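> Take this structure first; my questions come after.
The values are calculated or read from the model by the stated rules, or taken from the named source; none is laboratory data. What you see is a predicted model; the values in this text were computed from it and never measured. Counting neighbours? That spans all protein chains shown, and the Cβs are built from the backbone with ideal geometry, glycine included.
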């Protein structure tokens with residue numbers, strides 16, 4: 001996943017970089033590093049974001065579901 005694809009994915013999910021970091025269990029700085037290409041987005045995070053988009057889920061939905069277990 002390129003930095004552009006990462007930014008597009010979180011935008012499609014309605015997430016900021018900070019919220020995406022929370023959803024993916026990383027610090028907001030890590031999310032920003034992924035967005036600018038300083039670090040690669042790990043494959044599990046890529047798959048999760050793609051899954052959410054493919055199933056029509058929003059970032060808010062995912063955050064609520066993960067919070068309630």
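> How many of the residues in segment 32-51 are more than 8 Å from the chain's Cα centre (by Cα) and buried (at least 20 other Cβ atoms within 10 Å of the Cβ)?
2
> Quickly run through segment 52-69 and pick out the residues that are surrounded by 10 or more Cβ atoms within 10 Å (Cβ to Cβ) and over 15 Å from residue 14 (Cβ atoms).
Within segment 52-69, just 66 meets the criteria.
> For segment 1-18, which residues satisfy the criterion of being modelled with pLDDT under 95 and under 8 Å from the mean Cα position of the chain (by Cα)?
Hit for segment 1-18 is 17, nothing else.
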